[in-house]
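The values are calculated or read from the model by the stated rules, or taken from the named source; none is laboratory data. Please read these numbers as outputs of a predicted model, since none were measured by experiment. Backbone-built Cβ (ideal geometry, glycine too); neighbour counts: all protein chains shown. Side chains included, ligands, DNA and RNA excluded: accessible areas come from the protein's heavy atoms. Shrake-Rupley method; radii C 1.70, N 1.55, O 1.52, S 1.80 Å.
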Amino acid sequence: MKRPTMSFSTRILVWLAGGVATGLFLGDLVAPLGVVATGFVKLLQMTVLPYVVISIIASLGNLSTDEARRLGVRAGVVLVSLWAIGLGFALLMPVVFPSMRQGSFFSTSMLERPPSFNFVDLYIPSNPFNSLANNIVPAVVLFSIMLGVALIAVPRKAVLLDVLSVASEMVGRATKLVVRLTPYGMFAVAAVAAGTLQIEQIARIQVYLVAYVAIALLLAAWVLPGLVAALTPIGYVELLRPTRDALLTAFVAGDLFIVLPTLTDACKELLARHLPARTGEHAASLPDVIVPASFNFPHTGKLLSLSFVLFAGWFANVAIPYTSYPALAVTGLLTFFGSLSAAVPFLLDVFRIPADTFQLFLATGVINQRFGSLLAAVHTVVVGVLGSAAIAGAVRFEVRRITRYLVITACLVVGILGGLRVLFETALRPHFDGVAVVAALEPMLPQAPMASPESRGPRPAGATVLDTVRTTGVVRVCYLESRPPYAFTNANDELVGLDIEMAHQLAIDLGVRLQLVPRTTENLPDALASGTCDIAMGGAVATPLRATQLAFSAPYLEETLAFVVPDHLRSAYSTWDGARARGSVRVGLPDLPYFRRQVQQRLPEATLVPLTNLPAVFTAKGWDFEAMVLSAERGAYLTLLYPGYSVVVPEPGLVRVPVGYGLPQGDTAWKSFVDTWLALHLRDGALTRLIDHWIYGRSFAPPPRRWSLIRNVLHWVD
């Protein structure tokens, strides 16, 4: 009796399930399989560019001038229609986001601008061989299209077309040899993905992950294939059956590029089978041009990634207004002609969303890349089939079929989006606790032994700081109270911060005990002059007036002047012109003459309100002024504790002020020591790590081991 054979699709699914199970069982121990997974993907990529070049040149060269013109117009209409669908669903994404407020750490996106795109280098190949070698697909496609169009009018083109036909068959056979390895390659890819994905990443961005996956599946499973079924003789099931292996491969590998040859063959098979004989024969040759050429343009999966910009604005509490959606759609479409890794940061900058949210985009890419690739593969099939049918005149407009398609689509959209909104407002509602975020920042450096208050009095008159520290074995550090992120008391009633850690490091480096003395900015000069303090820390800004009262160390940081405003005023204060347009409003600011002059020069009509205790202004009653001037670095911390506010660095021009440590005047040996000590820790990376930790909120703790059955359940390994 003959044993039943397992279909190729079933084998892929079985090996895929085995890979997921292996990843869950072994966890991060499966990482060595990454070599196999990467090798498999590279094997699939190996024949794609030669296929693109050969198929475009041969297919265009076979056409007449009229056929080529008709292909460009009708396939272009199909492509633009799919763009409209993709953009529409991307802009619908915020409907499902729940209402919430949150803050964020300081980000360099407030200050920096990313490099602009170079569309000329991306699309116009001055050296096509360089484009081929460096996998610059848009340039390769344009080069191939130019040769194909030129070949149309060549009298003896049949000679070359015959050679290209043989070459195309050769590349196709090579691709099929690699495709036979798909089950084993999918096993490695799935095992690595399931074994190394951090669960914590998913929890943080679950709103966007769930929404993106749901909408991507809606588009891939119904909206796009249903459109083909409504407009052509090819049924819904008939469309998906011959393409399922390629769609599954694109999904698991997260790569559309590697399945282009397979998708092209599937489109040709569908057209030849389901269209009338003469029409189908003509249409079946068109995917050889349409499918590779469509790769040069943004696909629906890519356009759906535009929803991340809207999510990032919601996540950072700087939501993009609806009036800006048309600009976002047009800008996004143009920028997505390039790579997502360059386009997304550009869009975040254009719409003034913190650039560090791009890290969330990278985190979501672990999952969304696969669903985006699945949607991209379906998009490619739809472009190939529907575009070819339109050129061959096989598209039909039947009111009953189109109405049925639109009604089903509308019901699915309302049901899925409404269900997601209810889900996010209830079971999956995210909770932001800025106090907990700040409290989670723990000291990174060792703690110095502490000295009791009575262990040392003020420095004797005439004695240098170094002599006194050596004699008493104690260094006295005055710190400015309530100055996050430099010195503050966290939720656990611990004195922490960037400069508190530097104070401990100073005592350790001197080999003495540490005494911390709280002071205010007003009595700081007297405390240093009288010997009560050896050094003053806590984010002291070096201003001209302060420089006449005390010495400063070399700056270890620069702060940037910014506004802290209620969320709804963020756009109003994004430029100095916008701030001036507010007229004679009340603006709070630190009680420093230098800050007052800088603001008064730029906002001559504003009423400036000096502030001495910044945390005290955040009350349930709100402010008695409209905006507060503060450094962006310190203001970002306040937005974590009070999420209803945002930090805005107005344009144009940056006002930057140095931050250093206050020192007694006249003690050159002590100043030389402190400057050298700061330079040493800047160069050994300790100070940079502290700045990254306390200012930018980055954690340097090693990531937790990935959960696995072998480690967490069976306990077979440590």
So for each of 381-393, 493-505, 12-24, 671-683 I average, over its residues, the number of other beta carbons within 10 Å; can you give me the resulting order with the highest mean first? 381-393, 493-505, 12-24, 671-683
Could you pull out every residue, at least 5 positions away or on a different chain, whose amide H is within less than 5 Å of the one on Ser646? Hs are placed 1.01 Å off N in the peptide plane, and Pro or chain starts have none. Val565, Asp567
At a 1.4 Å probe radius, carbon and sulfur cover how many percent of the accessible area of the chain? 62 percent
Report the calculated FRET efficiency for Ile710 and Leu495 (r = Cβ-Cβ distance, R0 = 41 Å), to the nearest 0.05. 0.45
In region 469-606, taking the dipole from +1 charges on Lys and Arg beta carbons and -1 charges on Asp and Glu beta carbons about the Cα centre, the listed residue (Ala606, Gly531, Ser482) farthest towards the positive end is Ala606
DSSP-defined beta bridges in the chain - what % are antiparallel, rounded to 5: 50 percent
Packing-based order for 642-652, 164-174, 320-330, using average beta carbon neighbours within 10 Å, highest first: 642-652, 164-174, 320-330
Under a straight-distance cross-link criterion of Cα-Cα below 15 Å, which aspartates and glutamates are reachable from Lys671, leaving out those fewer than 8 residues away in the same chain? Asp467, Asp534
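Using the Kyte-Doolittle scale, which helices in the chain average at least 0.0 and also have C-alpha atoms spread 24 Å or more along the helix axis, with helices defined as whole DSSP H runs?
8-26, 65-92, 157-179, 358-391, 399-425
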On a straight-distance basis, which aspartates and glutamates could pair with Lys302 in a cross-link, Cα separation under 16 angstrom, same-chain partners fewer than 8 positions away excluded? Asp255
Out of these labelled values of Cα Rg over 2.2 N^0.38 Å, (i) 1.00; (ii) 1.19; (iii) 0.93, which was calculated from the coordinates shown here? (ii)
When the label point is put 7 Å from the Cα of Ala272 along its Cα-to-beta-carbon vector, which residues of region 58-94 have a backbone N closer than 20 Å? 58-63
Any aspartates and glutamates whose Cα falls less than 12 Å from that of Lys176, other than same-chain ones fewer than 8 residues away, would be Asp265
Can you tell me the accessible area per residue over the chain, all protein chains present, probe 1.4 angstrom, in square angstrom? 44 Å²
At a 4.7 angstrom Cβ threshold, list every cysteine in the chain that has nobody to pair with, or say none. Cys267, Cys411
Return the calculated 222 nm mean residue ellipticity for the chain, to the nearest 500 deg cm²/dmol, obtained by summing -39500 (n - 2.57) across DSSP H runs with n ≥ 4 and dividing by the residue count. -17000 deg cm²/dmol
Label points 7 Å out from Cα along the Cβ direction at Tyr325 and Val213: separation in nm? 2.6 nm
Label points 7 Å out from Cα along the Cβ direction at Gln45 and Asp162: separation in nm? 3.7 nm
Gain upon complete extension [Thr65, Arg683; 0.36 nm per residue less C-alpha separation]: 215.9 nm
Between Arg404 and Leu466, what is the label-point separation in nm under the 7 Å Cα-to-beta-carbon projection? 9.1 nm
Distance between region 16-87 and region 123-189 - C-alpha centres, whole angstrom: 12 Å
Would region 361-428 count as rounded, prolate or oblate if I go by the C-alpha gyration tensor, calling it rounded below 1.5 in a/c and otherwise prolate when a/b exceeds b/c, oblate otherwise? oblate
Ranked output for segments 43-54, 243-254, 444-455 by mean other Cβ atoms within 10 Å, highest leading, reads 243-254, 43-54, 444-455
